[in-house]
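Peer 1: One structure coming up, written as structure tokens, with questions to follow.
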Amino acid sequence: MGLNLFGQDPMPREDGRPARDEDYPGLAPEHSMGTSVLSYLLAGPILFGGIAWLIGRWTGLEWLSAVGILAGMGMSIYIIWVRYGTQ
């Protein structure tokens, strides 16, 4: 599972043993794929669009934000295709 910010297991088992991934079935990779795909689809355009918007304001090229949003969406779709399309 992993350690939290304080270096401890988030929720140890009742018998004191450390927590494991199978103790949290809702967090298994096959259950969280939809959330990951949605996160990629939102994060790419927001990140690339935001960076392009800042550069566009700095250089005076307002159309650059649209290019950044499209580039972010393209990168998001590519990452999803590489990560989940080959399984």
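The values are calculated or read from the model by the stated rules, or taken from the named source; none is laboratory data. It should be emphasised that the depicted structure is a prediction, and the values quoted were computed from it without experimental measurement. Only protein heavy atoms, including side chains, enter the accessible area calculation; ligands, DNA and RNA are left aside. Shrake-Rupley method; radii C 1.70, N 1.55, O 1.52, S 1.80 Å.
Peer 1: Determine which member of the set 41, 70 is assigned to a helix (DSSP H, G or I), modelled with pLDDT under 95 and open to solvent by 40 Å² or more (accessible area, probe 1.4 Å). Can you show your working first?
Peer 2: Values: 70 fails: modelled with pLDDT under 95.
Being assigned to a helix (DSSP H, G or I), modelled with pLDDT under 95 and open to solvent by 40 Å² or more (accessible area, probe 1.4 Å) holds for just one of 41, 70, which is 41.
Peer 1: When you go through 16, 56 one by one, which is the residue that is at pLDDT 60 or above and not in a loop (DSSP other than H, G, I, E, B)? Walk me through it before giving the result.
Peer 2: Working: 16 fails: not in a loop (DSSP other than H, G, I, E, B).
Of the residues listed, the single one that is at pLDDT 60 or above and not in a loop (DSSP other than H, G, I, E, B) is 56.
Peer 1: Scanning segment 57-87 for residues that are within 15 Å of the chain's Cα centre (by Cα) and aliphatic (A, V, I, L, M), which turns out farthest from residue 45 (Cα to Cα)?
Peer 2: Taking the candidates together, the pick is 82.
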